[in-house]
Structure formats: C-alpha cells, structure tokens
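J.: Would you mind keeping the following structure in view while I ask a few things?
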Amino acid sequence: MNDQEARDWLQRIRALPDQGPVRIMNVCGGHERSISLAGLRDALPPAIELIPGPGCPVCVCPEEDVYRAIRLALETDAILVAFGDMLRVPVNVPRGEPRSLEQARAAGADVRPIASPAEAARLALARPERPVIFFAAGFETTMAPVAALLAEGLPGNLFLLLSGRLTWPAVAMLLDSETPGFDALIAPGHVSTVMGPEEWQFVPERHGLPTAVAGFGPESLLAAIHSVLRQRLEQQCFLDNCYPEVVRPGGNPTARALLTQTLGVTDANWRGIGVISDSGFVLREAFAAHDARRQFALAEKPERRRTGEMPPGCDCARVVLGRIYPDQCRLYGKGCNPRSPIGPCMVSDEGACRIWWRHGIHSGVPSEA
Ligand code: SF4
C-alpha cells in the first residue's frame, strides 16, 4: 500500500465541493475488505456512503447447488472438492441432516478443500480408481482457470459441478430496477483484468452513472472514489480505469478465448435473489461427459422445504444487493458470527458480514464472546 498516495487522494476528495449524499457501490469482496481494513468509511466525508454490493460468489451460489454438492458427497463414491469457503455454507435441511459440506464430511463423506482448479486435476490423476467432483463456484476470475483446465483436457474421472457467475449482469439487474440504491459504481479490478473494463461501459452510457475501475490498495480505491465524485460534479459520466497498471483494454484475450471455447452463458439463479438474465456459466456440450449434473443422477426430494432460500431470518440477499448494511441484519452478531455463521455472507472471506465483523464493526450488537 502506498500510504502517501492514499493520503493525497484523501485530501483531494476532502477538497472537492460538497455535493450532498453520494452512494458509491463496490462489487468486489476484495474491495470491501480493503475499504474495511483501511477504515476508508471513517476517513471519508460523512456524506459519502460506500455500499458493499454483489461481490461474493459464495454468498450468491444457489442453495440448491450447495445441497446437490452435499448429496453427491454423501450418496456417491466420489471425492468432492471445493474451495475452502464453500465447505461451511449452510443449506436448509431438517434438523439432524448435514447442512454443509463440512458436516457431510463429519458424517463420513470424502470432502476436501482445494485452493485451485489444478489441484482438482492433480487429485483426479492421483486417484484414478475414484471419481472426483469439483464443485466449481465463482465469478469470472475463477472460471478463467476452470476454462483453461477444460481446454487442456480433464482426467476421465474428473467431473465439474459448475456454478459460475458473471458479475456485470447483477449490476445491470439493479440498475434496471426502479431502485438501484447507488449513484456511482466502483467496478471490480480483477474481473476487469480478465474480461476487460469495457464490460462496465454500459453503466455510464446507458444509466448515466459515474464509474471507475479500482485496484485493491486504498490509494487505487480512493482514486476511483475521487474520479466518480468529480464525474458527478462535472456532470460528465464515463468509465475511468484507475487500475491501468493491471487492467488493459480488452482484458486478457487468452483467458476470454478459453472461456468462450469451453463455457456458454445462460440465465442463472442467485441465492435469495432469483434468476438474473445471462449471468451464469454452463459447460459446453463437448464437456457433457465431465458434467456432474448429467453423470450423477440424484433422486428428487420434493419434500425438501425452503429450497433455494436463505436460512430463516438471514438477510444476506439484501446485504448482497446493497439494500442494507450487514449490521442492519437482526442476526448480525446475535447468533450469527464467523464462528457460528447462519448465512453465507458470514462464511466467506468475501462476504460483507464476515468482513465487517472481522474488522471490528460491531455497532449496536454485543461483542463476540
Ligand atoms: Fe445472513 Fe448472518 Fe449476514 Fe444476517 S448477519 S445477513 S444472518 S450472514
């Protein structure tokens, strides 16, 4: 982090003429972590609100996909691998049944955390006698290495339970609603590195909102905040790239080509939010033999209740959409904390509830014991 640069941007922001309340949304868990860690909310003029938006792939992963992963782990002889965050995400099942992959493992299933898609391939090669199912949930930045793996060729015993999502359609859905809830956007740096910043051009062009791509240091975030505030003041909205050292026009052409070659795009469900047009990745037909949804049939369970929903009382969907701050959920710190999470936003390192709690935002709730 460049402290002096961050201080300079802060001074420039404070020197701007007052323009009343401004709500700036970010759509990246990494941005939210940096904002909270650096205490940017307290450092900025009080009229500037920084709103965490739909930037956590684990939080929006459909409940039915997590449930399917749990069942595949329990009901087949496969090794189920997933990124560590996903292991603690709760689903809605009757008391006594495993409600997370972690609990499925405790019940005897072979569930293993991995750190990268390549690790799933290595495990499959090392254990050719067993099927390995990779529960691949994530945004564009995770789907790019999954696409590379597919293009290289999967081991015959490796299957994908794909639950990939694109970020921009969630923002488009908010902007198309009557109440987007924000006046300016900080676009995600990592996603733009892969897909190109142009994906966010629609925000200033179609919706007239100031937009800036930011990196993860406070100086880059503050530069983006300064940019969108100036755009508003000068009434000139455009897409500003405040992370040019990494984000290039067109993104990463190789990664984009691999994504196009291996994955299609379809309407997809977001947990607690509903179906968003053109927001989900699917395996192309050529990879049907590696599609866990097709290769491992599970009997329907029509009696299952609250399918697809958040756990009772959990407000994650409203947190993800920026409708409320994490500490406005009535369970925040009262029954829901990182040690004992109720909803996915308290599980994932990219979830706003966990980030806020970890960084000491305990306003209005009793301290963790
Ligand atoms: Fe869900 Fe817990 Fe966050 Fe409330 S505090 S929205 S229950 S994760």
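J.: Towards the positive end of the charge dipole of the chain, with charges on Cβ (+1 Lys, Arg; -1 Asp, Glu), say which of PRO45, GLY333, SER34 has the farthest Cα.
T.: The residue sitting most towards the positive pole is GLY333.
J.: As an exercise, use a Förster radius of 35 Å and the Cβ-Cβ distance of LEU16 and GLU178 to find the FRET efficiency, rounded to the nearest 0.05. Walk me through the numbers on the way to the answer.
T.: Values: r = 29 Å, r/R0 = 0.83.
FRET efficiency, LEU16 to GLU178: 0.75.
J.: Taking H as built 1.01 Å from N, whose amide H comes closer than 5 Å to the amide H of SER279, not counting residues under 5 places away?
T.: THR266, ASP267, ALA268
J.: Tabulate in residue order the Karplus-calculated ³J(HN,Hα) for the range 257-262, using 6.51 cos²θ - 1.76 cosθ + 1.60 with θ = phi - 60°, rounded to whole Hz; enter x for Gly and Pro.
T.: Here the 3J(HN,Hα) series is 5, 5, 4, 5, 5, 10 Hz.
J.: Using modelled amide H (1.01 Å from N, peptide plane; none on Pro or chain starts), what sits under 5 Å from the amide H of ALA136, excluding residues fewer than 5 places away?
T.: Close amide H contacts, sequence-distant or interchain: LEU161, LEU162, SER163.
J.: Between ALA187 and residues 5 or more places away or on another chain, which pairs have amide H atoms under 5 Å apart, with H built 1.01 Å from N, and which residues are they?
T.: Close amide H contacts, sequence-distant or interchain: ALA212, VAL213, ALA214.
J.: With only Lys, Arg, Asp and Glu charged, each at its Cβ (+1 for the first two, -1 for the last two), find how big the charge dipole of the range 316-358 is about the Cα centre; round to the nearest 20 debye.
T.: Working: 7 positive and 3 negative charges, 35 e Å.
The calculation lands at about 160 debye.
J.: Can you sort ILE24, ILE276 by how many other beta carbons sit within 10 Å, fewest first?
T.: Working: ILE24 25, ILE276 21.
Placing the least packed residue first, the sequence is ILE276, ILE24.
J.: Moving on to the next point. In whole Hz and in residue order, list the ³J(HN,Hα) couplings for the range 174-183 that follow from phi through the Karplus curve 6.51 cos²θ - 1.76 cosθ + 1.60, θ = phi - 60°; x for Gly and Pro.
T.: Working through the residues one at a time gives 4, 5, 7, 6, 6, 10, x, x, 8, 10 Hz.
J.: If you plug each phi of the range 86-103 into the Karplus form 6.51 cos²θ - 1.76 cosθ + 1.60 with θ = phi - 60°, what whole-Hz ³J(HN,Hα) values come out, in order, with x for Gly and Pro?
T.: Taking θ as phi minus 60°, the curve returns 5, 5, 9, 5, x, 10, 9, 9, x, 3, x, 8, x, 10, 7, 4, 4, 5 Hz for the range 86-103.
J.: Counting only DSSP beta bridges with both residues in the chain, tell me the antiparallel percent, nearest 5. Let's see the in-between values first.
T.: Numbers: 9 of 41 bridges.
Of all bridge pairs located within the chain, approximately 20 percent are antiparallel.
J.: When the helix-only estimate is applied to the chain (DSSP H runs of n ≥ 4, each -39,500 (n - 2.57), divided by the residue count), what is the mean residue ellipticity at 222 nm, nearest 500 deg cm²/dmol? Numbers along the way, then the final one.
T.: Details: 16 runs with 138 residues, N = 369.
Value at 222 nm, helices only, nearest 500: -10500 deg cm²/dmol.
J.: Say each of THR254 and ARG358 gets a label point 7 Å from the Cα, pointing the same way as Cα to Cβ; how far apart are those two points in nm?
T.: Computed distance between label sites THR254 and ARG358 equals 3.0 nm.
J.: Where in the range 178-281 are there GluC sites (Glu not before Pro) that are in a DSSP coil and have at most 10 other Cβ atoms within 10 angstrom of their Cβ?
T.: Details: sites: GLU178, GLU198, GLU199, GLU205, GLU219, GLU234, GLU245; in loops: GLU178, GLU245.
For GluC sites (Glu not before Pro) across the range 178-281 that sit outside H, G, I, E and B with at most 10 neighbouring Cβ atoms in 10 Å, the list reads GLU178, GLU245.
J.: Below 8 Å between Cα atoms, with a sequence gap of 6+, how large is the relative contact order for the chain in percent? Let's see the in-between values first.
T.: Numbers: 719 pairs, mean separation 82.2, N = 369.
Computed value for the chain: 22 percent relative contact order.
J.: Rounded to whole Å, give me the distance from the Cα center of the range 263-294 to that of the range 157-182.
T.: A separation of 11 Å, based on Cα centres.
J.: Continuing with the same structure: Between the range 298-341 and the range 1-66, how many Å separate their Cα centres?
T.: 23 Å
J.: Please give the contour-minus-distance gain from GLU152 to SER277: 0.36 nm per residue of separation, less the Cα-Cα distance, rounded to one decimal in nm.
T.: Details: separation 125, 0.36 × 125 = 45.00 nm, distance 2.93 nm.
Separation in residues times 0.36 nm, less the Cα-Cα distance, equals 42.1 nm.
J.: To continue, here is another question. So in the chain, which Cys have no other cysteine's beta-carbon sitting under 4.7 angstrom from theirs?
T.: That list is CYS28, CYS61, CYS237, CYS242, CYS314, CYS329, CYS336.
J.: Report the full-extension gain for the segment GLU300 to GLU119: residue separation times 0.36 nm, less the Cα-Cα distance, to one decimal in nm.
T.: Values: separation 181, 0.36 × 181 = 65.16 nm, distance 3.12 nm.
Result: 62.0 nm gained on full extension.
J.: Another question, if that's okay. Could you work out how far the C-alpha centroid of the range 102-134 sits from that of the range 188-250, in angstrom?
T.: The range 102-134 and the range 188-250 have Cα centres spaced 38 Å from each other.
J.: Sticking with this structure for a sec: Listed highest first by mean packing, meaning other Cβ atoms within 10 Å per residue, what order do 143-149, 25-31, 117-123 come in?
T.: On the way: 143-149: 22.4, 25-31: 25.6, 117-123: 18.9.
The packing order, highest mean first, is 25-31, 143-149, 117-123.
J.: Find, among the GluC sites (Glu not before Pro) in the range 283-369, those assigned to loop by DSSP (not H, G, I, E, B) with at most 12 other beta-carbon atoms within 10 angstrom. Intermediate values should be presented prior to the final figure.
T.: Working: sites: GLU285, GLU300, GLU303, GLU309, GLU350, GLU368; in loops: GLU300, GLU303, GLU309, GLU350, GLU368.
Filter output for the range 283-369: GLU300, GLU303, GLU368.
J.: Let me ask you something else. Can you pull the percent of Cα pairs in the range 316-358 with separation above 13 Å? Mind dumping the intermediate values first?
T.: Numbers: 349 of 903 pairs.
The share of Cα pairs beyond 13 Å in the range 316-358 comes to 39 percent.
All of the numbers you see were taken from the coordinates with simple rules; none came from a lab. On a predicted model such as this, the values are computed, not experimentally measured, just so you know. FYI the Cβ positions are ideal-geometry reconstructions off the backbone, even for glycines, and counts take in every protein chain you see.
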